[in-house]
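First the structure, in the form of structure tokens, and then the observations on it.
The values are calculated or read from the model by the stated rules, or taken from the named source; none is laboratory data. A quick note: this is a predicted structure, and the numbers were derived from the prediction, not measured. When we count neighbours, we look across all protein chains shown, and the Cβ atoms used for this are built from the backbone with ideal geometry, even at glycine. Accessible surface areas use protein heavy atoms only, side chains included; no ligands, DNA or RNA. Shrake-Rupley method; radii C 1.70, N 1.55, O 1.52, S 1.80 Å.
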Amino acid sequence: MKRVLLALVFFISSLFNLHPAHAATSTINYAFSNIAQASANSSASISLELTSPDGANSWAVRILRAPKVFNSRSELLAFEQNPSLATQVVATKSGSAGLEKNNPLRVLIDIPDAPQKSLEIQGFVAEISTIGGKPARVPFFLIGKGNQGVVPTPVSWIWPILDTPHRNIEGIFTDDILATSLLPQGRLGRMLTAAEGRNFTWYIDAELVESVEAMSKGYSLLDGTEGAGKSAASQWLARLRSAIVGRDVYAAPYGDPDLSTFISLKKPSDLAVLQVIGANRLAQSLGVSVQSDLAWPSKGIFTAKSLEYLKSAGYTKCLVSRKMSPAPTNETATRSSLAQSKGVELYIGDDILSGYLKNISIEQSNHFYAQLAMITAERPTTSRPQIVIPDRMPVLTYSQALVADRELPINEIATDKTLGLATQLSPVKITLLEPRTTSLLPHIEGLLTQFGAITTPAHLTSTEPKLRSTLILATAWREAPFAGYLFSQSSLKIAEQIIRQVRVLPGRYTLTDLSGKVPLTVSNDADLPVDVRLELRPTTLRLQQPETIDLQLPAKSHSQILVPLTAYSSGEVFVEARLLDASNHQVGDVVVLQISISSIPPAAILVTEIAGGALLLAATAQIIRRIRRSRS
């Protein structure tokens, strides 16, 4: 019955040429290109760029204002999350020109009656819509500068030049992702663009800079493919060296290890070594003075006991999250970002301000500036420095950095009179890197240390791989734990390959006497001579335990060693051959040799000789008897 009804409907619709009605909906995309505050010479305004993937034929923008001026930072956050508080329409603009997909339409909208001289912060919403589409509501703030007695809040920016490791422990590139990141539109390229002309405090990892230097000289990937980032690397290095001139530069410990994990596994002296190496290599690469006494735990969170560890390692300053030093609940004004604990200067980052650095855009920059203005409005004549600590690898949009009226490096802010006030750190739960990644590090370091000890000169070729093995503890693996696990696994394989460069070659040998010499072959594929000891262990009592032999193997050699053996009886014997270092620790793998002993013992030879003699005498007697018979 249903089929009949459907057929009837289709027949009638075809007679009257009926078609289903579609809503005339379109999609409109927007981007802020500027949010201009009011000044004595111009009104406030916003600039938008509108596009449409399906060619919308009309657009409309309304600017709505919140009913009252904001009085606290919490009110600003509430408005960001709920822009529907803005209800008063203060400006409109619309058009009927068709929007294009790739060529944006630029729209400028003036906003009347914006705050200018008074230290006020007002909330606005840009409502952007097209026919049939759901309007987008984007909150933003317009801010008055205040009178001449207002002291802008000083801001110290920590500007991180850090990245995920892209080379293995032998220094070979495993991917070419870094080549893209170094381009002007790449992540690291935009980090430099945003820092141009800014008084930032730089925090740089020497391992990253060394990787870029290696790229600038030409490089190949692990699979043999030629790298594509030589030109980009050279240009990026030149830009970095130019940007840091006259600025404060701090070196991360080499490889930027996760401090909480590092502290749980290693001694303060180990961290001090990475600290010195990072500073020295960074100064050599960039040609500037580098400081190394600023610690940066992941997300600014660590245990209070860690401060004693950091101080023992040579650190005098530490970046800290406000979560570890919260203000009392009855305190409404924002605190200064400076304190001390256990002899270490604490630079306490404002988590709200730092949150805007996760993905910087025009809107985020505007929200950040509003928060900064509110801090100033809390106490207009009292300077309270604020430290902005971003994520370790922030992503910038349009190469746009956040804006502040007063920028100072942390070394200058540290002279503030409020510094020296002791603070108690709150207990915060600490997380470490995954054990499946970090647990391999001691074994890898042990293999590389052992190989370095047998080379001549000692540790010449193993020092760099051992240093790079600490990249297993890199902070970057917090965001990519599986990649960190793969890095540790590949590091273990490389360490095993390095130690296996010196080895006994397997084989089968024959001993034709109970005592003799067997020609074993020992190979050294390393680029340096090595000193090892050769030990053979029979698996049965048929063979006497041979003495250990000291060997000096030339580089890139196959040496034949005549090993004296003594057997008790004939037969098949399996012998374990191993190489030892000077401390009698095994080097590389055990090789099992098969030895065939075919010798006859002296007693058996004597019996055979007597039996042979008896047979000879018997044969001789038989011949003599036959001769006598023939004559008779």
- line: Expressed in Å to one decimal, the Kirkwood Rh of region 149-226 from all distinct alpha-carbon pairs is 14.4
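Translational D (Stokes-Einstein, µm²/s) of region 520-602 at 20 °C and 1.002 mPa s when Rh comes from the Kirkwood sum over C-alpha pairs?
Numbers: Rh = 13.9 Å.
Answer from the Stokes-Einstein relation: 154 µm²/s.
What number, rounded to the nearest 500 deg cm²/dmol, is the helix-based mean residue ellipticity at 222 nm of the chain, given -39500 (n - 2.57) per DSSP H run of at least four residues and division by all its residues?
On the way: 17 runs with 196 residues, N = 632.
Per the formula, -9500 deg cm²/dmol.
For Lys217 and Ser426 in the same chain, what is the full-extension length gain: residue separation times 0.36 nm, less their Cα-Cα distance, in nm?
70.4 nm
Please work out the average accessible area per residue across region 467-541, using the 1.4 Å probe convention, and give it in Å². Walk me through the numbers on the way to the answer.
Numbers: 3300 Å² over 75 residues.
Spelled out: the 1.4 Å probe surface of region 467-541, per residue, equals 44 Å².
Could you tally the net charge around Pro481, taking each other residue with its Cβ under 14 Å from the Cβ of Pro481, Lys/Arg +1 and Asp/Glu -1?
Values: positive: Arg436, Arg478; negative: Asp258, Glu434, Glu479.
Residues close to Pro481 contribute a combined charge of -1.
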query: Per-residue HN-Hα couplings for region 246-260, Karplus 6.51 cos²θ - 1.76 cosθ + 1.60 at θ = phi - 60°, whole Hz, x for Gly and Pro?
result: x, 10, 7, 10, 10, 9, 6, x, 3, x, 6, x, 6, 5, 4
query: Cross-link partners among lysines for Lys93, C-alpha distance below 22 Å, same-chain residues fewer than 8 apart left out?
result: Lys101, Lys134
- prompt: So what J values fall out for region 507-513 if you push phi through Karplus, 6.51 cos²θ - 1.76 cosθ + 1.60 with θ = phi - 60°, rounded to Hz, Gly and Pro as x?
  reply: x, 10, 10, 10, 10, 8, 9
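What does the charge count around Ser47 come to, taking other residues whose C-beta lies under 14 Å from its C-beta (Lys +1, Arg +1, Asp -1, Glu -1)? Let's see the in-between values first.
Details: positive: Lys93, Arg106; negative: Glu49, Asp110, Glu363.
Neighbour charge sum, excluding Ser47 itself: -1.
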message: Beyond a 19 Å Cα-Cα separation, which of these cross-linked pairs lie in this structure: Lys323/Lys429; Lys299/Lys358; Lys266/Lys323?
response: Lys266/Lys323
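Kindly sort Glu207, Glu464, Glu308, Glu407 by accessible area of their heavy atoms, largest first, with the probe set to 1.4 Å.
On the way: Glu207 5, Glu464 70, Glu308 105, Glu407 40 Å².
From most accessible down to least: Glu308, Glu464, Glu407, Glu207.
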message: Can you classify region 230-387 as rounded, prolate or oblate using the Cα gyration tensor, where a ≥ b ≥ c are the square roots of its eigenvalues, rounded means a/c under 1.5, and otherwise it's prolate if a/b beats b/c and oblate if not?
response: oblate
field: Distant-in-sequence amide H partners of Asn29 (H built 1.01 Å from N, under 5 Å)
entry: Thr51, Ser52
query: If one takes the longest principal axis of the Cα atoms in the chain, at what angle in degrees, from 0 to 90 and to the nearest 10, does the Cα axis of helix 362-378 lie?
result: 70
- prompt: Between Asp54 and Ala333, what FRET efficiency comes out of the Förster formula 1/(1 + (r/R0)^6) with R0 = 41 Å and r the beta carbon distance, rounded to 0.05?
  reply: 0.25
task: Starting from the amide H of Leu119, placed 1.01 Å from N in the peptide plane, find each other amide H under 5 Å away whose residue is 5 or more places distant or on another chain.
output: Gly146, Asn147
- prompt: Once phi is turned into θ = phi - 60°, what whole-Hz ³J(HN,Hα) does the Karplus curve with 6.51, -1.76 and 1.60 give for every residue of region 183-194, x standing for Gly and Pro?
  reply: 5, x, 8, x, 4, 5, x, 5, 4, 6, 4, 5
- prompt: When the chain is fully extended, how far beyond the present Cα-Cα distance does Thr456 get from Val276, taking 0.36 nm per residue of separation?
  reply: 62.2 nm
- line: Output ordering of 111-122, 555-566 (per-residue mean of other Cβ within 10 Å, highest first) is 111-122, 555-566
field: Label-point separation in nm, Asn102 to Arg406, each point 7 Å along Cα→Cβ
entry: 4.8
query: Of the labelled options (1) 32.6, 115; (2) 39.0, 158; (3) 26.2, 91, which one gives Rg and Dmax of the Cα atoms in Å as computed for this structure?
result: (2)
- prompt: How would you classify region 86-194 from its alpha-carbon gyration tensor, with a ≥ b ≥ c the square roots of the eigenvalues: rounded for a/c under 1.5, else prolate if a/b is greater than b/c, otherwise oblate?
  reply: oblate
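For a Förster distance of 45 Å, can you work out the FRET efficiency between the beta-carbons of Thr180 and Lys93, rounded to the nearest 0.05?
Working: r = 38 Å, r/R0 = 0.85.
Computed FRET efficiency for Thr180 and Lys93: 0.75.
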task: Scan around Val518 for amide H atoms under 5 Å from its own, H built in the peptide plane at 1.01 Å from N, and keep only partners 5 or more places away or cross-chain.
output: Val563, Leu565
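Take each of the peptides 516-524, 208-216, 102-110, average the number of other beta-carbon atoms within 10 Å over its residues, and list them starting from the highest.
The peptides rank, most packed first, as 208-216, 516-524, 102-110.
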